[in-house]
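Each remark here refers to the structure printed beneath this line.
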Amino acid sequence: MQTVSRLIDFFTPEHYQLSLTIERANRRFSGIVTMNGFTPENIHDIRVHAKDLTVTSVTLDGKSAEFHMEENDELVISHPDIKTGRHVVVIAYSGDITDGMHGMYPCYFDHNGTKKELIATQFESHHAREVFPCIDEPEAKATFDVSLTTEQNITVLGNMPVTHQRIEDGKLVTTFDTTPRMSTYLLAWVTGELHRKTAITKTGVEVNVWATVAQDANSLDHALEVAVKTIDFFNDYFGTPYPLPKSDHVALPDFGAGAMENWGLITYREITLLADPKTASISAKQYVAIVVAHELSHQWFGNLVTMKWWNDLWLNESFANFMEYVAIDALYPEWDMWLEFSRVEVISALRRDSLAGVQAIRTDVHHPDEIGTLFDPAIVYAKGARLLRMLHQYIGEDAFRSGLQTYFKTYQYGNTTGEDLWKTLGTASGKNIPEFMNAWISQPGFPVVTLAQTSEELTVSQKQFFIGPHSPSDAHWPVPLNASIPELPEILSEKTVTISTTPTSEIRLNIGNTAHFISSYDENLRVRLVESIKNDQLNPLDRLQLLNEQTLLARGGIIPSSSLIPLVAVYENETQESVWGILVLAVNDLKRFVETDVEAEKHLKKFVAHLSANLYQKIGWAQQPNEPETTTKLRAIIIGLSLYSEHPDAVQTALGLFRSTNIDDLNPELRPYILSAVVKYSEDPEEIESLITLYKATPNANLRKDIALGLAATKDSVRIKQLLAFITDGTVRQQDVIHWVVQLLQNRVSRAATWNWIRTNWDWIEKKFAGDKSYDYFARYSAGFLTTREQLQEYRDFFIPMQSEIALARTISIGLIELGGKVELIERDSGSVIDTLNQL
């Protein structure tokens, strides 16, 4: 494995003074950076990071110095006076503004028929070096004084408030206040035509939500409300006040990630920050809320206290993912966010973490190209959050919160490892946290805990759970059983425990679904649990958890996939929206078995129609005054299932609503399903062309997303070719490319053409996305949606030669396992699934 040097070992910066001139029209920038810092003993040259920059001069302590570039983006500075102690390094340089959505780049938008641009930055994880020479490592914290020279008559935002602005030689010069001690990847600025909404927190922090002038001002209100409430909540919860005087939140038209926690200047995709009250769905508003809370959590976890190196990225992302639910559940209890957590984060974590070769939460990083692969949303975000929820349950709210408050007070403005956090939580709880958590953090995977009961004893055992090909594993974990009976141990540390008792009460494991394992019950225990569902004796979380675990057991070959059909049927009287989300997941798992069998697919659609019929009649299409938000969201699920099953009334109603209602006035919860129905069933090509025209014209990100979902449902081969062409001809924004690809891979009619497009256009993909966190998504999602043995071989032939690329290696290896396991599952279980469906 190639290993890069840590440049902080050559020079430790204390303060940067950065003066930068941005020539937007010429796509150029030039600057002078002054670095104050010190060198340790036995260092004879200073090395700093610089990438794709033209360095014109370097001085060391006022004297001209020699410099040259070496591999791994290292600018080497040589001078006879380099010795132990403090030095001042001044570097003059220039560079290009490019479209890669990292470093410094343009964001394009239309306003009243005029094409305009913002200039923005994205420095995480190691892209600050593309804009100014620096020690581009998280441990190299320093303070920053930034001055930007730009065109006039625009807004200029930075991490800190503006101290003064002046006009000089026809240019606007903006100087910002000095930042706190922080890492380079958190530095940021945005320039351009923006407008805002403003509010003040209880402690006097100015909160601003910004968007381009093309966006409706009303779309800023929801995020502003959430941001103010969340800062107040975290101030109290963490016991350390938000440390900056302002908190800016900026919606960017082009942005590669979902959002970025730059200290005091958080940047977002428009869809993750803006919520037009007229066109945004409830789900969209909840999504905005949790993203805002996530990024604000980072202002403490990641910004105030930062990991020393990227192998502890989970200290940033796992905690932010967990705390977003803590905050939003407290602020909006009507949303029942922990049920949503089980429906979204838990399922994502379990499905990904069951593949052999998946990374551990804490993973060693030797080279910058590996960093992007760490941002696996199912692992370092979802699994990490699930493990922290498990820890929170294990030590209790009071100890957890007390430990965090000590952690921030002790390590603020510094860098830590996971052991520092375990130490403070251990002191607060009086428990051995490293012993409990390190097994979960340091090794991938999770156990399936099997419970078997005889007339004389009860046996509980654990082994690592896998989906797909794998080698034997001896891994085991300290598993909090959270059992419904006191006879079972609190923590299962051994592989197997047997107790000589036979409780007569119902036995369940993982009550509350907080621990990272799944349960496999013997047949008698499972039958009793299913009866409890029939008798309405399990709460929504229990019902959700049981069905999810059964889908995983089927994927892992522990139970037959056909057994899911009668189990799903038991849920026909279900009324909880979150549980229906799992039912949709189970139906989607069954779809893969009938893709090549027309008769069996008809039976599956008939089964789904019966499953959703009662609620379709009960809640219908019309939203009622003051109805619960969960009912509004449930309606969308039921109508989506009804349209899948080709329910005649559902299809005709969808077409009728589209033809009689302005698209802005369609129920935003139902809009993607209505548009999909139009694309599937309309015989008028002008209706589809009108959607394409609107997609190209609207500035509303939520509406664009729904139109894209609708268009991707097409069954027309000519239309599929047109949609794929949109990806490369500029119709689809670069930030949205992977979403188009995923949607077209999901549609089995367009899957083969999309898979061929990926292979044919790989040079274009590499040019646009290499170096970006989403680069490996093309390999990942191809494995997720391809289904046949022929496609497995094509995947091998295409991607195996690329495994030498550090940024792709792990994803390709896991993709081979995921796709191979899926092909084996389909070949093994298709017959029994089809037979079961045909007997309905």
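Structural remarks
- For the pair ASN539 and GLN443 in one chain, pulling the backbone fully straight at 0.36 nm per residue adds 31.3 nm over the alpha carbon distance.
- The distance linking region 363-428 with region 5-80 is 33 Å (Cα centroid to Cα centroid, whole angstrom).
- Given charges at beta-carbon only (K, R positive; D, E negative), |dipole| of the chain in Debye: 500
- Sites ASN588 and ASP398 - FRET efficiency at Förster radius 45 Å, r taken between beta-carbons, to 0.05: 0.65
- Cleavage-rule hits, GluC sites (Glu not before Pro), region 391-473, DSSP coil, Cβ neighbours within 10 Å at most 15: GLU456, GLU457
- For region 589-629 and region 137-193, distance of Cα centres in Å: 53
- Cα-based Rg and Dmax for region 8-112, where Dmax is the largest Cα-Cα distance (Å): 16.0, 61
- The dipole here belongs to region 417-573: it is taken about the Cα centre, uses +1 on the Cβ of Lys and Arg and -1 on the Cβ of Asp and Glu, and is about 300 debye.
- Net length gained if the chain between ASN153 and ASP81 were fully extended (0.36 nm per residue, minus Cα distance): 21.4 nm
- Reachable aspartates and glutamates from LYS229, criterion Cα separation under 16 angstrom, eight or more residues apart if same chain: GLU206, ASP221, ASP248, GLU295, GLU324, ASP329, GLU334
- Solvent accessible area, Å² - TRP740, 1.4 Å probe, full protein context: 10
- Neighbour-limited loop hits for GluC sites (Glu not before Pro), region 1-105 (at most 14 other Cβ within 10 Å; DSSP other than H, G, I, E, B): GLU41, GLU71
- Check: region 95-140 dipole with +1 on Lys, Arg Cβ and -1 on Asp, Glu Cβ, in debye: 280
- Amide N proximity, region 84-124 versus THR21 label position 7 Å along Cα-to-Cβ, cut-off under 14 Å: 92-95
- Label-point separation in nm, ARG6 to ASN662, each point 7 Å along Cα→Cβ: 6.0
- Residue (of PHE778, VAL678, THR731) at the positive-pole extreme of region 653-810, dipole from beta-carbon charges: PHE778
- Virtual spin-label span in nm between THR496 and THR54, 7 Å along Cα→Cβ: 7.2
- Residue-averaged 222 nm ellipticity for the chain, from DSSP H runs of 4+ at -39500 (n - 2.57), nearest 500: -13500 deg cm²/dmol
- Within the straight-line cut-off of under 19 Å between alpha carbons, the lysines reachable from LYS768 are LYS51, sequence neighbours fewer than 8 places apart in one chain being disregarded.
- Simple label model, 7 Å out from Cα along Cβ direction - ILE558 to LYS696, nm: 5.2
- Nearby aspartates and glutamates by direct alpha-carbon distance to LYS602 (threshold 15 angstrom, same-chain neighbours under 8 apart not counted): GLU646, ASP835
- Pairwise centroid distance, computed over Cα atoms, of region 215-278 with region 771-827, Å: 35
- Extension gain, THR728-ASP99: 0.36 nm per intervening residue step, less the Cα-Cα distance, totals 225.0 nm.
- Probe 1.4 Å - accessible area at LYS768, Å² to nearest ten: 70
- DSSP beta bridges fully contained in region 218-309 are about 25 percent antiparallel.
- Applying a length cut-off of 27 Å (Cα extent along the axis) and a mean Kyte-Doolittle floor of -1.0 to the DSSP H helices of the chain leaves 598-619, 806-838.
- Trypsin sites (Lys or Arg not before Pro) restricted to region 572-666 and DSSP loop, no more than 11 other C-beta within 10 Å: none
- Listed residue (THR811, ALA65, VAL90) projecting farthest to the positive dipole end of the chain, Cβ model: THR811
- Scalar couplings 3J(HN,Hα) for region 155-167, obtained by applying the Karplus form with A = 6.51, B = -1.76, C = 1.60 to θ = phi - 60°, are 8, 10, 10, x, 4, 10, x, 6, 8, 6, 10, 8, 9 Hz; x denotes Gly and Pro.
- Of the residues GLY512, VAL156, ALA217, the one whose Cα sits farthest toward the positive end of the charge dipole of the chain, with +1 on the Cβ of Lys and Arg and -1 on the Cβ of Asp and Glu, is ALA217.
The values are calculated or read from the model by the stated rules, or taken from the named source; none is laboratory data. Worth saying up front: this structure is predicted, and the values here are computed from it rather than measured. Neighbour counts are summed over all protein chains in view; Cβ atoms, including those assigned to glycine, are modelled from backbone coordinates with ideal geometry. Just so you know, the surface numbers come from the protein's heavy atoms only, side chains and all, with ligands and any DNA or RNA stripped out. Shrake-Rupley method; radii C 1.70, N 1.55, O 1.52, S 1.80 Å.
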